[in-house]
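The values are calculated or read from the model by the stated rules, or taken from the named source; none is laboratory data. This is a predicted model, so every value here is computed, not measured. Because the Cβ atoms are built from the backbone with ideal geometry, glycine has one as well, and the counts that use them run over all protein chains shown. The protein model used for the area step is the full one, side chains on, heavy atoms only, and it has no ligands, DNA or RNA in it. Shrake-Rupley method; radii C 1.70, N 1.55, O 1.52, S 1.80 Å.
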Amino acid sequence: MIEIPATPFAFRFDPRHTALVVIDMQRDFIERGGFGEALGNDVTRLAAIVPTVRRLLDRWRALGGMVLHTREAHRPDLADCPPAKRLRGNPPLRIGDVGPMGRLLVAGEPGNQILPELAPLDGELVVDKPGKGMFYATGLHQQLQEKGITHLIFTGVTTEVCVQTSMREANDRGYDCLVIEDATESYFPEFKAATLAMMTAQGAIVGWSATSGQLLQATQP
Ligand code: C5J
C-alpha cells in the first residue's frame, strides 16, 4: 500500500488495483485546427502538461500498473452524437465537419489520435467515449471490475469537462479517485482552480488531488 500527501488528506492506494487514467490527450483538443479551437479556445495552454503526463506514464509503466487512455470520439455516421451536442451554439465547424485534421471528434480521423508523445502501448486500454464522462456508453465499469481496479489516478484534459465528469462518474461507482493537479489543464485557469477546489472540498466529496511530484516521490522504485 502506498500513501501520498494529498488534498484534503492522504491518499492510499495499492498500485496493483489502481489505474492511471489519461483523459482525451488527443490532437482535437491540443493542436490548432481541432474541436477545441473551433469552440473559440486558445489551445496552447493544454500542451504544457504533455511532459508531465509522459513522466507519470513512464513511472506507471515501470511499476507495471494498468494504464487507461480515453478519446472523445464519435462513430463516422454520428449515430452516437445527439443533435443536442452537435448543434449547440454557432461554431465555425461542428462535430463531424471536416477541418484541417479531418472530421472533428470522429474516430479514426487524424485529429482524433492521441498525441504521439503519449501514444498508448500495446496492451493498454483505449476507450472511445461518445460523452464527456468515460463510463457513459463504454462498458468501462465492467472491464475495470474484471481487472480488480478500485482506485483511479486522473490526468488529461480538460479539467472541468471530461476529467471532472469522468471522476464524478467514477466516484458514484465506488472508485477512490485522485487527480494530478499539474497533469490536467483547462482552457480557463479559473475553471481548473474551481474544479480542483470543489472536488476535494467537504472531505474529498468527489476525490483527492496531489501534484505529480508527490506521486513520483511516493512511487520511486
Ligand atoms: C471537451 C474534454 N472539453 N475532453 N472535452 O469538450 O474535456
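Pop out the carbon and sulfur fraction of the accessible area of the chain as a percent, whole number, probe 1.4 Å.
With neighbouring chains kept in place, the figure for the chain is 53 percent.
Under the rule a/c < 1.5 gives rounded, and otherwise a/b versus b/c splits prolate from oblate, where does region 100-159 land using the Cα gyration tensor?
Verdict is prolate for region 100-159.
Helix-derived [θ] at 222 nm for the chain: sum -39500 (n - 2.57) over DSSP H runs of at least 4, divide by residue count, nearest 500?
Using -39500 (n - 2.57) per qualifying helix, the result is -8000 deg cm²/dmol.
Counting only chymotrypsin sites (Phe, Trp or Tyr not before Pro) that sit in a DSSP loop (anything but H, G, I, E, B) with at most 14 other Cβ atoms within 10 Å, what is the longest stretch of the chain containing none of them?
In short, 10-135.
Using Cα-Cα distances under 8 Å and only pairs 6 or more residues apart, what relative contact order does region 55-169 have, in percent?
24 percent
Quick check for you: with a 1.4 Å probe and neighbouring chains kept, what is the accessible area per residue of the chain, in Å²?
Counting only protein heavy atoms, the per-residue value for the chain is 44 Å².
What's the long-distance tail for the chain, i.e. % of Cα pairs beyond 32 Å?
14 percent
Let me check against my output: what whole-number percent is the relative contact order of region 113-184, with C-alpha pairs under 8 Å and at least 6 apart?
It rounds to 29 percent for region 113-184.
Skipping prolines and chain starts, which residues have an amide H placed within reach, meaning under 5 Å, of the one on residue 113, given they are 5 or more residues away or on another chain?
27, 28
What net charge is computed for the residues neighbouring residue 126, neighbours being all others with C-beta under 14 Å from the C-beta of residue 126, Lys and Arg scored +1, Asp and Glu -1?
-3
In region 145-189, what is the volume of the convex hull around the alpha carbon atoms, normalised per residue and reported in Å³?
Considering the Cα atoms of region 145-189, their hull volume per residue is 68 Å³.
Check the straight Cα-Cα distances from residue 85 and name the lysines below 19 Å, setting aside those fewer than 8 residues away within the same chain.
Reachable lysines: 129, 132.
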